[in-house]
Amino acid sequence: MDLAHSVPLTKQDHAPSVQPKLLWIPTAKSGLIMWLTTVDHKKIGFLYGFFALIFFIIGGFEALLIRAQLMVPNGTVLTAQQYNTMFTMHGTTMIFLAVMPLSAAFFNFIMPLQIGARDVAFPRLNAFSLWTFVAGAIILNIGWFIPGPNHGAPDGGWFGYAPLTSKTYIPKHSIDYWVMGLQLLGVASIAASLNFIVTIINMRAPGMTMMRLPVFVWMTLITAFLIVLSFPAITIALVELMMDRNFSTVFFEVSGGGMPILWQHLFWVFGHPEVYILILPAMGIVSEILPTFSRKPLYGYPIVVFSGASIGFLGFTVWSHHMFTTGMGAVATAAFSLLTMCIAVPTGVKMFNWIGTLWNGRLMMRTPMMFALGFVWMFMIGGFSGVMHSAAPADAQQQDSYFVIAHFHYVLIGGSIFGLLAGIHYWFPLMFGRQVSEFWGKLSFWLIFIGFNVTFFPMHFLGLNGMPRRTFTYDANMGWNTPNFIATIGAFVLGIGMFTYFAVMTYTFFKGKKVGKDVWDARTLEWSLPVPPPEYNYRVIPTVHARDAWWYEKHHQEEIAKEQAEHAKVEADHGGIHMPNQSIWPFVTGLGLLILGVGATYFESNWTPGIHAKLGTVLFGGFVTFIGIYFWSIEGNAGYHLHLDEHGNPVDEKHAPPAKH
Amino acid sequence: MRLTSLLSTSAHWGRAALAMGGLALLTGCDLNFWRMEGHQSTMVVDGPVARSQLGVFMVTVWVTLVIFLIVGGVLAYATWKFRAKTEADEHAEPPPQSHGNPLVEIGLIAASVFALVIIAVPTLKAIWYTHDVPGGETRPQLDALIKKGEAYEVTATGLQWWFKFEYPLEQINGVGSLVTSNELVIPANRPVRINLRTMDVIHSFWIPKLAGKVDMIPNRANHLWVQADKPGYFWGQCAEYCGDSHAVMRFRVVALAPKEFTEWLEAQKLPARDVAPKPALAGAPKAQFAALRAFKRNEYGFSDKYAETPSRPPLESWREKQNPEKGEDAALIAKGKALFTAKSCLGCHAIRGHGAAGITAPDLTHVGSRTTIAGAILENNSEQLRRWISNPGAVKPGNKMSLSYARTDYYGNKIDGIQLTAEDEVALVAYLESLK
């Protein structure tokens, strides 16, 4: 396949650089090779979603085991050790392997479509992010499959407070898996975020000014900045922990003058922005769904955007509210208490604007709308218990109690997950050209909604009645039996609801009703595409004239048609649509990191000189990574060009290459 | 009339619905959990610190409740009012494409800020009030208060998975500070400053009815103050995940009137009681403090029968515990005392006056006078004591005492260590119970 050479070029700046063709350029359009080598943002987004849902199911099972253990006092479903592993992995899995990649799936799939781009700025970097995420996820979970007293899944809590995570207290490799897994996930997240930032800043369609960006794109941008700025803090913390565990440094070792409190600061400087990393994408999704199904624009667009930005900014100033009980002193406590209250203002503003969007609208009660409204209600309740925590004296009683568990599940399930489930439902017809049945969609919504509230509302009472978190057992005489029992029943209803939701999704994916484009009569650009969107997204890059670009196009069809015809001609003259080549090297790089990570964590250290298992595997992994990066860079970014007729069918290959005779 | 009948009907259905959790009833628990009156309640409190924290909490509850009713009301109304009700609605022309109103936005922002100020003022007041003993914020001030008898000071240290309590104000000749473990006895109605330390990982010291938690962090001198309104018996628990047995790292706090507190201190300062059987006291009904179900079926003392309510106030049972058990068997106790040395218990535990001076495990000088054992998870009686010393790892997974016992490791290798016969256990239990 020599597309790079065969394309007629009329403008020099569109010319792909000519590369020595030493390397295999994969062109498979289906099968395993396609999935491993794809650089298409939609396919990568799909893979992100696929892996995220697998881990969402795993994390859900972990949650059900936790609830089964706590159903009655002195439960015997799990041992103390197993229980501690469950809550550690439940938290880590849900945050890093379910909600974040699910958000990333939407960033990948939807964001370029919404700004009228043909791909993200760095398609191969995007694939690298995906495969590095998978490598990190594997290392995090590898402990489940390695029995033995020196291994096992991580059990130091998702927050991994030093010095419990030191070799002294947890000599097992479980913490090493956790450290290495999170480290790789950080690499993946930062690479992906830089990609999204560059894409949003540089690749917007003509006319798509910043203040015309769909709110979801704004939230993607803010989230990406949060990731880029906050992950370095945990990266540093994890490196220090890794050094403490493996190379006898004393960052957190009291005996050597280390400070365990340092871990908490580093962790929460990352950890609090992380909360917004989890919720802002869902807010963005809801800000797309509410206008669509209210059939009017978002109320107060600029304020929604700026409140999102100020949440992101303030998110970096409140980390110590996770540390009110660490004895920071009255002044620091007061300062963080007040700053935390401040964050309620931009959050409240969003709430008002969502209600304002409904006001005077015509609400179409479809399933995505149900989830979005569920989001607004549940997030409101979670927000209120958040305000309660901002009052430091009250938090001294609630910290690490079930009240906190209730709070953040209202924000993370009622907020993030409801938002993401709404998003899946909303964009499903766009992604796959099939629509989920309203009956089954609504049934799953009500099961999830009821199950969720029955599970987590009683936990407010449990917490106020003094039940601490992360406890594998409790006594029968503390007044905690009934709420725990109810919560467990609720958890299983929630489980059934989630099962229904995903069973229906899977069924629809294969057998659902086929639909055409723009099923919801929506407002943003992605709905102007045929379903499912073609690989090149837009036959003609759209020109944006208004904030709700597609809504404008629908109401100015003649003008738009004329404009598009002109632009199509210009693009064809410029050499057609430039498409990136598929590449195996991002996958190879990720694979190298996986080998390196497993080698560094699984094997025992061996201080005798020479190449042994640990050093050997790490070197081999490093070599594979190097090979991946090396060939990735010499392969270049040539790509090929597509030529389309008016209906978007490729016309290349046969008559396109009239080139050199 | 109709209203009352409606109310009673709905109450009836409510009860029925709850009882449909006949399942819930099977677990043998009350359905009044929303009253939150448990032993670790933060809603029914017994001291000024917890009361101040509860006060702030209730301010946040009322403020957010009012906002919730307003915002939730508007949201519900808008959802109901503007929903597409008919088929025609669904296909009608879209409504006016309005974009918002800055004045409304600014007004709502101002209202939110105002609501937050209502919360912020009491929050700030309570932060300073709960931070340290009033009037004793600096060391000299605190010392002056202590000298006047208006404050008291103890040091609590967290270890995996128990608490050590030291009384720096109570010095014992040739020994140092008075040390106890897992049951903290404090004077009632007097501010008590508790210095918080840890020997290993981070723990958190929480007596919900007296005060919110403060963490015990290595390399950090934290503190907390509490005051009990009146004599009482309180439940406490570690509130920061600290490893395998975090869930069973608990303690008790006993607050005593001044005279009783002084008497208790005098008794505690004495070396361990020597084996000299005394006339038995009349039997008293036993209190149920806590119970942990056996982890292994064949374990001695397996029982999952719990008394939900103590048969008497726990403080009275605590007082009862200060007296020697009836029917002590001097010979058996002497045998237990010998075993305590022979089985190397003294390597870790201290029993003042009996030649045991270990410091890595709880001080057992007066262990018989405590209401609980094993980090306040088992009631201190002969049955539970025996269950504890016969297989500590089953009661408290991963604890250090279990590691000194003979056991089989993961690979099936036998590891040498303490082995107790049934007779040994009985003798040791008798000895420990005699340490009043």
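Where does chain A land at 222 nm, in deg cm²/dmol rounded to the nearest 500, when only DSSP H runs of n ≥ 4 count, each adding -39500 (n - 2.57), divided by all residues? Could the numbers behind the result be given before it?
Working: 21 runs with 407 residues, N = 661.
Calculated from helices alone, the mean residue ellipticity at 222 nm is -21000 deg cm²/dmol.
Taking a ≥ b ≥ c as the square roots of the eigenvalues of the Cα gyration tensor of the range A:486-602, is the shape rounded (a/c under 1.5), prolate (a/b larger than b/c) or oblate? Spell out each step's value before the answer.
Values: a/c = 2.94, a/b = 1.35, b/c = 2.18.
It comes out oblate by the Cα gyration axes.
Quick query: amide H of residue B:172 versus all other amide H atoms, modeled in the peptide plane; which residues come in under 5 Å with a sequence gap of 5 or more or a different chain?
B:177, B:178
Residue by residue, what Karplus-based ³J(HN,Hα) values in Hz, rounded to whole numbers, does the range B:218-227 have, using 6.51, -1.76 and 1.60 with θ = phi - 60° and x for Gly and Pro?
Whole-Hz 3J(HN,Hα) from phi for the range B:218-227: x, 6, 8, 9, 8, 8, 7, 10, 9, 8.
How far, in degrees from 0 to 90, does helix A:215-247 lean away from the longest principal axis of the Cα atoms of chain A, to the nearest 10?
With rounding to tens, the tilt is 50 degrees.
Starting from 0.36 nm per residue, how many nanometres of slack lie between residue A:246 and residue A:168 once their C-alpha separation is accounted for?
Additional length available on full extension: 26.9 nm.
Ranked from highest to lowest mean number of other Cβ atoms within 10 Å per residue, what is the order of the peptides A:171-183, A:334-346?
Numbers: A:171-183: 23.9, A:334-346: 20.6.
In descending order of packing, they fall as A:171-183, A:334-346.
Among DSSP bridges having both ends in the protein assembly as shown, what percentage is antiparallel? Round to the nearest 5.
On the way: 41 of 55 bridges.
Among the beta bridges of the protein assembly as shown, antiparallel pairing accounts for roughly 75 percent.
What is the order of B:117, B:44, fewest Cβ neighbours within 10 Å to most? Show your work: numbers first, answer last.
Working: B:117 11, B:44 16.
Ascending Cβ contact count within 10 Å gives the list B:117, B:44.
Put a dot 7 Å past each Cα toward the Cβ at residue A:23 and residue A:202; how far apart are the dots in nm?
The modelled label-to-label distance comes out at 1.8 nm.
I need the phi-derived Karplus couplings for the range A:497-505: 6.51 cos²θ - 1.76 cosθ + 1.60, θ = phi - 60°, integer Hz, Gly and Pro marked x.
x, 5, 4, 4, 3, 6, 4, 5, 4
Can you give the average number of partner chain beta-carbon atoms within 10 Å of each beta-carbon in peptide B:125-134, as a whole number? List each step's numbers first, then the result.
Numbers: counts 1, 6, 12, 5, 2, 5, 8, 2, 0, 0.
The per-residue average across the peptide is 4.
Kindly state, to the nearest 0.05, the FRET efficiency for residue A:605 paired with residue A:566, given R0 = 60 Å and r defined as their beta-carbon distance.
Once rounded, the FRET efficiency stands at 0.35.
Between residue A:77 and residue A:634, what is the spin-label point distance in nm, taking each point 7 Å from the Cα along the Cα→C-beta axis?
Taking the two extended label points, one gets 5.6 nm.
Give the dimensionless ratio obtained when the Cα radius of gyration of the protein assembly as shown is divided by 2.2 N^0.38 Å.
Output field value: 1.04.
Pop out the ³J(HN,Hα) list for the range B:409-414 in order, Karplus 6.51 cos²θ - 1.76 cosθ + 1.60 with θ = phi - 60°, rounded to Hz; leave Gly and Pro as x.
So the Karplus estimates, Gly and Pro as x, are 7, 4, 8, x, 6, 7 Hz.
Suppose R0 equals 22 Å; then what is the FRET efficiency for residue B:407 and residue B:360 from their Cβ-Cβ distance, rounded to the nearest 0.05?
Once the sixth-power term is evaluated, E becomes 0.70.
Could you give the distance between the Cα centres of the range A:432-490 and the range A:52-74, to the whole Å?
A separation of 11 Å, based on Cα centres.
Order by neighbour count: B:178, B:224, B:315, B:169, fewest other Cβ atoms within 10 Å first, most last. Each step should come with its number before you reach the end.
Details: B:178 21, B:224 28, B:315 17, B:169 12.
So the ranking, lowest neighbour count to highest, is B:169, B:315, B:178, B:224.
Count the DSSP beta bridges whose two residues both fall in the range B:139-269, then state the antiparallel fraction as a percent rounded to the nearest 5. Let's see the in-between values first.
Working: 28 of 40 bridges.
If I count the DSSP bridges inside the range B:139-269, around 70 percent turn out antiparallel.
Using the per-residue mean of other Cβ atoms lying within 10 Å as a proxy for protection, in what order, highest first, do the peptides B:130-138, A:427-435, A:94-102 fall?
On the way: B:130-138: 18.0, A:427-435: 21.8, A:94-102: 25.8.
By packing density, highest mean first, the sequence is A:94-102, A:427-435, B:130-138.
Scan around residue A:579 for amide H atoms under 5 Å from its own, H built in the peptide plane at 1.01 Å from N, and keep only partners 5 or more places away or cross-chain.
A:640, A:641, A:642
Across peptide A:296-308, how many C-beta atoms of other chains are within 10 Å of each residue C-beta, on average? Let's see the in-between values first.
Numbers: counts 7, 5, 2, 6, 7, 2, 4, 6, 2, 0, 0, 2, 0.
That works out to 3 on average.
Let me confirm one metric for peptide A:154-166, namely the mean number of other chain beta-carbon atoms within 10 Å of its residues' beta-carbons. It would help to have the intermediate numbers written out before the result.
Numbers: counts 0, 3, 3, 5, 0, 2, 1, 7, 4, 7, 9, 1, 2.
Going residue by residue through A:154-166 and averaging, the value is 3.
Mind checking the full-extension length gain between residue A:144 and residue A:316? Use 0.36 nm per residue of separation minus the Cα-Cα distance, one decimal, nm.
Numbers: separation 172, 0.36 × 172 = 61.92 nm, distance 3.44 nm.
Value of the extension gain: 58.5 nm.
Is the range B:116-167 best put as rounded, prolate or oblate by its Cα gyration tensor, with a ≥ b ≥ c the root eigenvalues, rounded for a/c under 1.5, and otherwise prolate when a/b is larger than b/c, oblate when not?
Numbers: a/c = 4.03, a/b = 1.37, b/c = 2.95.
Since a/c reaches 1.5 but b/c is at least a/b, the shape of the range B:116-167 is classed as oblate.
Between residue A:450 and residue B:35, what is the label-point separation in nm under the 7 Å Cα-to-beta-carbon projection?
Reported label-point gap for residue B:35 and residue A:450 is 2.9 nm.
Ordered by packing density, taken as the mean number of other Cβ atoms within 10 Å over each peptide's residues, highest first, how do A:462-473, A:354-365, A:632-643 rank?
Numbers: A:462-473: 24.9, A:354-365: 22.0, A:632-643: 18.3.
Result, highest mean Cβ count within 10 Å first: A:462-473, A:354-365, A:632-643.
If amide H atoms are built 1.01 Å from N in the plane of the peptide, which residues on other chains or at least 5 residues away come under 5 Å of the amide H of residue B:184?
Sorted by chain and number, the residues that satisfy this are B:252, B:253, B:254.
Which FRET efficiency, nearest 0.05, do residue B:170 and residue B:382 yield, Cβ-Cβ r, R0 30 Å?
Details: r = 30 Å, r/R0 = 0.99.
After rounding, the FRET efficiency stands at 0.50.
FYI, it's all coordinate maths here, none of it is from the lab. All of these numbers come straight from a predicted model, not from anything done at the bench. In this analysis, Cβ positions are derived from the backbone assuming ideal geometry, glycine residues included, and neighbour counts consider all displayed protein chains.
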